[in-house]
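These notes concern the structure reproduced below.
The values are calculated or read from the model by the stated rules, or taken from the named source; none is laboratory data. Just so you know, these numbers come straight off a predicted model, no measurement behind them. Heads up, the Cβs are rebuilt from the backbone with ideal geometry, glycines too, and the neighbour counts pull from every protein chain shown.
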Amino acid sequence: MTTRWPSLTDDLLREALTEEPDAGLVELAFEELSAAILQTPQRRPSIAWPWSPTMPALGWRPQTRRANVLATLVLVSLLLALTAALVLFVGSILRPASPVIAFDSGSDVFVVDRDGTNRRQLTNGHESAVQPTFSPDGKRLAYESLDAANGTVGLIVVGIDGANRRVVTSFPAVARASGAIIGWFRVAWSPDGRELAYTAPESGAQQIFVVGADGSNPHRVGDPSLEGHDATWSPDGTLLAFVGGHFDNDRGIFVMDADGTNVRPIRPPGPDQWALGFQPPVWSPVGRRLSFSARPLNASQVFVVDIDSGQPLNLSNSEAIEDWGPAWSPDGSRLAWHRGPASDEGRFIVAASDGSGATALLPAVVGPPTWAPDGKSLIGYGLDADTGGRNRLFVIDLAGDRVVEIPADSSGDASWQGAR
């Protein structure tokens, strides 16, 4: 049976130069070139290659047209074999590497492969670096660094190789009786990677600021009376969601335009407030939904709310358990959150976005979950029984119950390259 290959097109050649070639691509090229050579009239050259003397004393003689074609086909086959090897080599270079994880440990920033290997330190040990967050393109990290001597916090941007470190802005640390410390609020990249949203004190209250990733134009956004914090951009970059409110009876989740105008609660605050103790909201990667945790009565619960309708859906439906720290899967179909006290070990729960099919995972973890960009793993932390602090990072495989442990004395939360 004769196999008919499709015609050799520009698209196939373009694919061959950027990816591993499809099965049969080399044979296709060989067949097409062979046919073209046989159909093209050959001019008899005065000196032909390859050549060989009939007898040493008689010098060289041109070969027949058939011999020339055969020799040419041999040369073409060698060139195609070399091209195939080159394509495989180039493809291995162009093919993106597996995403890495960034985390802080012992006041320095590290990156590591998902299997725990190839650990690299990005900061120099002379600063208190916390909670690195990948830019949308995965090429940079933003983190906060405490300068205890000067009582300031710097917002730093650095390449994932540790190069091109830039202090994009700085602000006073929160003054406490024990000295200058900070609560490590969230730093969020805009979807286009051009700006960062962060929380900093102003006139004795926390406020939301935005600054260019190159350090340009740091400015406060939103209503200062709301004392907003932990802002995050919507997937299209047009909105910021945050926690706001000075007192419990006016605290809640708010949304504003990215320039700080048109601030509105997702449900009106007031005496009939339906929940207290709000924690930072997270946007669904698709649609116009937010998830967050709040305490309506005795225990923190996880909610999903459509920002247009403003009607929250309680995914926990229990007043006897602590659910908090929700995180959306990359495709927006699932949520993961921590079940158990915020300062103690518990379990990660994974459920559909409506709360159905909730499953508890092992091992015991502290901290909120972080999704891998492929949606197949979660990051959590293990608790040191002696100190009560985090002493290792867990990479939990959702399908195979495989857990990778990475030593990490961490104060913040990890970030995964390529995650949204």
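Among the residues of segment 109-153, those identified as touching a strand residue (DSSP E or B) at 6+ places or on another chain (Cβ under 7 Å) and β-branched (Val, Ile, Thr) are VAL109, VAL111, VAL112, THR123, VAL130, THR133, THR152, VAL153.
When segment 367-386 is filtered for residues that are within 27 Å of ASP113 (Cβ to Cβ) and more than 21 Å from the chain's Cα centre (by Cα), the ones remaining, listed by number, are GLY382, LEU383, ASP384.
Just to be sure before I move on: is THR133 over 19 Å from the mean Cα position of the chain (by Cα) and assigned to a strand (DSSP E or B) in the structure I sent?
Values: over 19 Å from the mean Cα position of the chain (by Cα): no; assigned to a strand (DSSP E or B): yes.
Spelling it out, it is not the case that THR133 is over 19 Å from the mean Cα position of the chain (by Cα) and assigned to a strand (DSSP E or B).
With respect to the stated conditions, LEU313 fails to be outside any loop (DSSP other than H, G, I, E, B), within 26 Å of the chain's Cα centre (by Cα) and modelled with pLDDT of 90 or more.
Filtered by the rule that a residue be farther than 16 Å from VAL282 by Cβ and either modelled with pLDDT of 95 or more or not assigned by TED's automatic domain parsing to the domain that holds ALA294 (or both), segment 331-346 gives a lone residue, ARG339. Looking only at residues in segment 371-420 that are among the hydroxyl-bearing types (Ser, Thr, Tyr) and touching a Phe, Trp or Tyr at 6+ places or on another chain (Cβ under 6 Å), the one that is modelled with the lowest pLDDT is SER410.
Can you tell me which residue is surrounded by the fewest Cβ atoms within 10 Å (Cβ to Cβ) among those in segment 222-238 that are on the phi < 0 side of the Ramachandran plot and touching a Phe, Trp or Tyr at 6+ places or on another chain (Cβ under 7 Å)? Checked segment 222-238; the qualifying residue surrounded by the fewest Cβ atoms within 10 Å (Cβ to Cβ) is PRO235.
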